[in-house]
Amino acid sequence: MSFSMVALAYAAAFAAAIFLLWRFSHIKWYWHALAIAAAIGLGLMPPMQVSATAVYDMVIGALFLLLIVWGIGEPLFKVFHIHRHV
């Protein structure tokens, strides 16, 4: 798998997390905490032993990035007073 494909997948996950923060950040704080917990759970998950592929690793990495950025990003929206979509 080429580096550009992996970089594009991670950039898309990051952009999707920022968009979700901007669009749907009026939800309760515990959803962001749950996203962080799910990301940590994904990060600590042992790798697949049977038929582990690069695509699987890329998808898990992109999902981890999406969840961690969305979970940690909410306090930054509050600190920097970024206006949300109404």
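Segment 59-79 and segment 9-50 have their alpha-carbon centroids 5 Å apart. Multiplying the residue separation of Ile72 and Met48 by 0.36 nm and removing their Cα-Cα distance gives an extension gain of 5.9 nm.
Any read-out appearing in this document is the output of simple, stated calculations on the displayed coordinates, not a laboratory observation. As the structure is a computational prediction, the values presented were derived from the model and not from experiment.
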